[in-house]
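Worksheet for the structure shown next.
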Amino acid sequence: MHVEDILRKAVFCESLNFQEVELLYKDAQLSQLTLAAHELRLRKAHPEIVSWIIDRNVNITNVCCSACLFCNFYTGKNSENAFITSEEEYIKKIRELKKIGGNQLLLQGGLHPELGLNYYTSLFSRLKQLFPRLKLHALGPPEIIHLAKKEGLLPGSVLKKLVDAGLDSLPGAGAEILSDRVRGIISKAKCTTSEWLNVMHEAHKMNITTSATMMYGHVETIDERINHLLLLRDLQSQKPKESKGFISFTPWPFQHKNTRLHKKTGITANFSADEYIRIIALSRLVLNNIDNIQASWLTVGKELAQVCLHCGANDLSSIMIEENVVSSAGANYIMGVQEMEETIKQAGFIPVKRDQQYNFLK
Ligand code: SF4
């Protein structure tokens, strides 16, 4: 099959197989890919609108027993820098969030060896008691697997208890590259590929909206990137009809500054704008059952993110107050509410604030 035939298939929302995606990745011209991806984006998402959200990333704790080689954020439980966020700090941060019109906390953190399920359910219940309309986009498959193992429960039971306590949606954290070869090198104490996928499958069966991510540009091969996309698409095709499943997909490049992965192996981020655009376009074409593709302005900068809005992406993610993990590895972009709206307008779209379920807000 020729590149043109495969692109035609993709634009008509047909599923591509591994060989077809590989051919697009390696042989298609960037202009061909982006034209096709934009055509599909115009049909899959509102053609004139680019959405975004205000949320606040609060780290529950920086203590983590995973020690991923790409992470500068974690520390040991006896470190003098170790913290667990207090109730007073949550209240202060939520009030600040509400002042600028946000209503969602992105709650993430390390895999603390001593914090059990009760800690998280009590935290979520308390936050919902204090702020009943607050949305909690919290944890991710690594935390769910960590808690399931710690408590001797199935991941589905952990999810159920967290939802009962106030969890609204589950971020696609910790996906990195869904390949056990890669995970064995960069994050070997974290959940495996099948554990990650299984948590998401359980969440979809429980009608919990999730998101999907990919951190690329370290030790993975092109084939492993392609496989990552196909695993996500195939899992999404198994979700119950009434569930939204993966509501979005966000790829971002590895940030190497000061990471142990860089120090140990010499791997640098080696970031290329062309490649990011290629990945955004391919994501749109391959993930034909995930409606929203996000450009990660936080890691690639707003100018490149604007270009991506014409290459398959329809969402600019969040203004993300207080992001700590990728920022500590070299991503230093910041953006306020007004700048986010200006950025979208300059790219030729209407900015519309949304919630985590992708409902447009006034
Ligand atoms: S990326 Fe997450 S799981 Fe890995 S070391 Fe950092 S905090 Fe821990």
Please report the projected area of segment 3-353's Cα convex hull averaged over all directions, in nm².
16.4 nm²
Could you check how many percent of all C-alpha pairs in segment 98-172 are farther apart than 15 Å?
52 percent
Cα-based equivalent ellipsoid, segment 4-129: semi-axes from gyration tensor eigenvalues, Å
43, 22, 13
Over segment 53-198: Rg over Rh, Cα atoms, Kirkwood Rh
0.96
Taking the solvent-accessible surface of protein heavy atoms with a 1.4 Å probe, what is the per residue accessible area of segment 73-178 in Å²?
45 Å²
On the accessible surface of the chain, probed at 1.4 Å with all protein chains in place, carbon and sulfur together account for a percent value of 51 percent
Under a 1.4 Å probe, what is the accessible area of segment 206-273 per residue, stated in Å²?
42 Å²
What net charge is computed for the residues neighbouring residue 293, neighbours being all others with C-beta under 11 Å from the C-beta of residue 293, Lys and Arg scored +1, Asp and Glu -1?
+1
First select every other residue whose beta carbon is under 15 angstrom from the beta carbon of residue 347; then total the charges, Lys and Arg +1, Asp and Glu -1.
-3
Kindly express, to the nearest 10 degrees and within the range 0 to 90, the angle between helix 193-205's C-alpha long axis and the longest C-alpha principal axis of the chain.
80 degrees
Which net charge results when you count Lys and Arg as +1 and Asp and Glu as -1 among the other residues whose beta-carbon is under 13 Å from that of residue 309?
+1
Once you treat every alpha carbon in segment 272-316 as an equal point and sum by Debye, what is log10 I(q)/I(0) at q = 0.13, 0.21, 0.33 Å⁻¹?
-0.22, -0.57, -1.26
Any idea what diffusion coefficient segment 228-325 gets from Stokes-Einstein, in µm²/s, Kirkwood Rh on alpha carbon pairs, 37 °C, 0.692 mPa s?
222 µm²/s
Rounded to 10°, Cα long-axis angle of helix 87-99 versus longest principal axis of the chain
40 degrees
Free-standing Cys residues across the chain, given no other cysteine C-beta under 4.7 angstrom
13, 64, 65, 191, 308, 311
Using only Cα atoms, tell me the angle between helix 18-27 and the longest principal axis of the chain; keep it within 0 to 90° and round to the nearest 10.
70 degrees
Sparse-neighbourhood loop sites, trypsin sites (Lys or Arg not before Pro) in segment 227-264 - DSSP loop, at most 16 other Cβ within 10 angstrom:
241, 257
In units of 2.2 N^0.38 Å, the Cα radius of gyration of segment 208-277 is 1.36
Tell me what the chain gives for mean residue ellipticity at 222 nm when only DSSP H runs of n ≥ 4 count, each as -39,500 (n - 2.57), the sum divided by the residue total, rounded to 500 deg cm²/dmol.
-13000 deg cm²/dmol
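The values are calculated or read from the model by the stated rules, or taken from the named source; none is laboratory data. The model shown is predicted, which means the values in this text are computed figures rather than measured ones. Cβ atoms come from the backbone with ideal geometry, glycine included; neighbour counts cover every protein chain shown. Only protein heavy atoms, including side chains, enter the accessible area calculation; ligands, DNA and RNA are left aside. Shrake-Rupley method; radii C 1.70, N 1.55, O 1.52, S 1.80 Å.
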